[in-house]
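For reference, the structure is listed below as structure tokens.
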Amino acid sequence: MRFVDFLAQVIRIAIPYLFAAAGGVMAEKAGVVSLALEGFMLSGAFAAVLGSFYSGSPWIGLLCGIVAGLLFGLVHAVASIRYRADQIVVGIAINLLVIGITRFFLRLAFDSSSNSPRVAGFSEPAQGNIFLASLSNPLVWAGLLSVPLLTWVMYRTPFGLRIRAVGEHPEAAETLGIRVPRVRYGAVALSGMLAAMGGVYLALDQHQFTDGMTAGRGFIALAAIIFGRWDPARAGIACLLFAAAETLQIQLQGTQAIPSQFVQMIPYVLTIVALAGVVKRSVPPAALGRSAD
Amino acid sequence: MSSATEVASPESVSPVRAGRWRTRVEEAILPPLIALLIALVAGDILILSFGQSPGSVYRMLLEGTWGNAYGFGQVIFKATTLIFTGLAVSLGLRAGLFNIGAEGQLAAGGFAAALAGLLLPGATPTLIAVPLAVLAAALAGGAVGWVPGVLKARFGAHEVIVTIMLNFIVLALLNYVVAAHLHVSETLHTPEMRAGAVPRFSSFLEAFHGSAANITFLFALVLAGIVAWFLFRTRGGYDLRATGLQPDAAEYGGIRVGGVWIRTLALSGALAGLGGINYVLGYKHYYEEGFGAGAGFLGIAVALVGRNHPVGVVLAALFFATLSQGGLAIHALVPKQMVEVLQGLVILAVAAAVPEVRRVLRMRPGIAAA
């Protein structure tokens, strides 16, 4: 396999992780636990297919996906900020809710329990060259840019400073006149939209929605965030690393070199190792999971 | 200081106590009721969107679950696993620990039970084989639960992340073992166990014919009682609850919090692992990939709606089991996926209602002062 093709494949796998990890970093830096990435992604994937199916345009699909992510991000924000619900429970509830909703409406819209019909996407893999196909997909560029952009927002803009302040010490931020709930609402809503774009990419890349198609990718993104010690750039590198491992595994399939299940475990094992601090301990934002009073 | 002695005078104690008790009951019961109402309204909307009448769909749901012996048996069967995972999650939450690993612990327990039944000679008497298989399930689940406990006590690793990651690791590991070494060809399950099966209810009561409900349900009820006794009547339970309320104060009071964390997560894992026997010993008699079908995650919902009390857990398990069995019953009119939406909504609504109800009740005159 040529190196370019390998690279293209890595990027193709990494894009959903990059979007979701960018969204997750934003919410977690603001102090809101981000277990709903999986649900945001799945909602984005489904809404994108709905939009693309009824309009014939992938751009409308993208828009619908972002709106879906925004909606569920707001549900997350209202429940965990306005009502001070346990953020972990809210995340899990949203994941379950989105699975149910996408299944229900898959039935209602396409009368199927497994997948949607084929819809228009950005790239046509029929061109034969996945490298060129990736280059023509705007979501690939958006995904690659999301990490540097997020780094810039987090460390070079007032909004980013507020997010970090709110996530490290909400009381101090409050004293300085920052409206803590408002910043958190913004961060969680943006996080929903970003993660949903990962789902949009996934669905439009495959030109259809299949039941449960995110298949744990939101949790791999979460693993990348923790492995990257809540830093956007490091989390992005972790996403690429996990995607490279997956690409290798796909290449090795059939050679029986390493059972695929062991490659699947890599992100999760690395995350636990990072949390336990074998190399350098991964420390979350100080106010993560705490609601401001 | 002097005001404290005034409050303690006998005349003032009883009305305050009664008020507190009422508040506690309301705090426990109101959130699930609010959630149920929200779910009913959402359910109506979904049913109407499919052009059906809510009344007839809900009637069909009840008739297909509590209305006949088979449906009731299936509710009991599904509730059994949920009681185990619900108890597991709630035990952790009582100690301030969020065990999201019940899914993996459940699978590990089921696999260990199936393996025990496979390794034992076929002639092993049931009275020996069943306890051994049950023990294997508890040990396997407990071992998976023990890991995040140690990582938290020793290294401060947050148990939520570790248990999530362990779910994926355990499931991948079990998939590998079954796929590479133990499966019956053309299937994703292990060979049938030689010993250790437990009887279904249908072998005593003909009415239950066809349903998978088995005596594991009774074991689950007994276990709920034991957990309640442990939590509220033993020193270990006191240490556990004190740790959950305020770990620093517990440590200061002489409780070794790290030890409580490790023991609680191991116990929690063992409870979730025991859930595996319902399916393996009571129903299929083998381990199958994905047999838990989300029962581990639903255990979080059960613990939440059951307000972390063993009695509440049993009731909540019956409620969620009714929903999932009810989905099958109404499938002719409305897609069964509707109940998954309702389950998600109930969890979200309860999570949001718990702090809100507490806040509103605490603002009630007379209670706040107590």
Checking the cross-link filter: which aspartates and glutamates have an alpha carbon closer than 12 Å to that of B:Lys284, excluding same-chain neighbours under 8 positions apart? B:Glu192
Can you pull the mean other chain C-beta count within 10 Å for peptide B:151-160? 4
Taking springs between alpha-carbon atoms closer than 10 angstrom, which of B:Ala272, B:Ala69, B:Ala112 fluctuates most in the Gaussian network model of chain B? B:Ala69
Separation in nanometres of the label points that stand 7 Å from Cα toward Cβ, at B:Arg59 and A:Trp59: 5.2
For chain A, the longest principal axis of the Cα atoms and the Cα long axis of helix A:260-276 enclose an angle in degrees, to the nearest 10, of 10
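Can you pull out the trypsin sites (Lys or Arg not before Pro) in the stretch A:1-108 that DSSP calls coil and that have at most 10 other Cβ atoms within 10 Å?
Working: sites: A:Arg2, A:Arg12, A:Lys29, A:Arg82, A:Arg84, A:Arg103, A:Arg107; in loops: A:Arg2, A:Arg84.
For trypsin sites (Lys or Arg not before Pro) across the stretch A:1-108 that sit outside H, G, I, E and B with at most 10 neighbouring Cβ atoms in 10 Å, the list reads A:Arg2.
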For the stretch B:302-349 and the stretch A:65-93, what is the separation of their C-alpha centers, rounded to whole Å? 20
Most mobile of A:Ser134, A:Ser113, A:Ser191 per a Gaussian network model of chain A (Cα springs, under 10 Å)? A:Ser113
Just add up the charged neighbours of A:Leu190: K/R +1, D/E -1, any other residue whose Cβ is under 12 Å from the Cβ of A:Leu190. +2
Candidates B:Gly292, B:Gly282, B:Gly236, ranked by Gaussian network fluctuation over chain B, Cα under 10 Å, top entry: B:Gly236
Alpha carbon centre of the stretch B:156-179 versus the stretch B:67-82: separation in Å? 29
Per residue, how much accessible area does chain A show when a 1.4 Å probe rolls over the protein heavy atoms, in square angstrom? 40
Cross-link candidates for A:Lys29: which aspartates and glutamates have Cα within less than 14 Å, leaving aside residues fewer than 8 places away along the same chain? A:Glu168, A:Asp231
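Just add up the charged neighbours of B:His285: K/R +1, D/E -1, any other residue whose Cβ is under 13 Å from the Cβ of B:His285. Before the final figure, lay out the partial values.
Values: positive: B:Arg194, B:Arg200, B:Lys284; negative: B:Glu192, B:Glu288.
My count for the surroundings of B:His285 gives +1.
Using just the helices of the protein assembly as shown, give the 222 nm mean residue ellipticity in deg cm²/dmol: DSSP H runs with n ≥ 4 each add -39,500 (n - 2.57), and the total is spread over all residues, rounded to 500. Don't skip to the answer; put the middle values down first.
Working: 27 runs with 472 residues, N = 663.
When only DSSP H runs of four or more count, the value is -24000 deg cm²/dmol.
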In whole percent, the fraction of accessible protein surface over the protein assembly as shown that belongs to carbon or sulfur atoms, probe radius 1.4 Å, stands at 66
Relative contact order, percent, chain A [alpha-carbon distance under 8 Å, six or more residues apart]: 35
For the stretch A:187-226 and the stretch B:231-255, what is the separation of their C-alpha centers, rounded to whole Å? 41
Give the aspartates and glutamates whose C-alpha is closer than 17 Å to that of B:Lys336, dropping any in the same chain fewer than 8 places away, or say none. A:Asp111, A:Asp211, B:Asp44, B:Glu63
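The values are calculated or read from the model by the stated rules, or taken from the named source; none is laboratory data. Quick caveat: nothing in here was measured; it's all calculated off a predicted structure. Heads up, the Cβs are rebuilt from the backbone with ideal geometry, glycines too, and the neighbour counts pull from every protein chain shown. Surface accessibility is based on the protein's heavy atoms, side chains included, excluding ligands, DNA and RNA. Shrake-Rupley method; radii C 1.70, N 1.55, O 1.52, S 1.80 Å.
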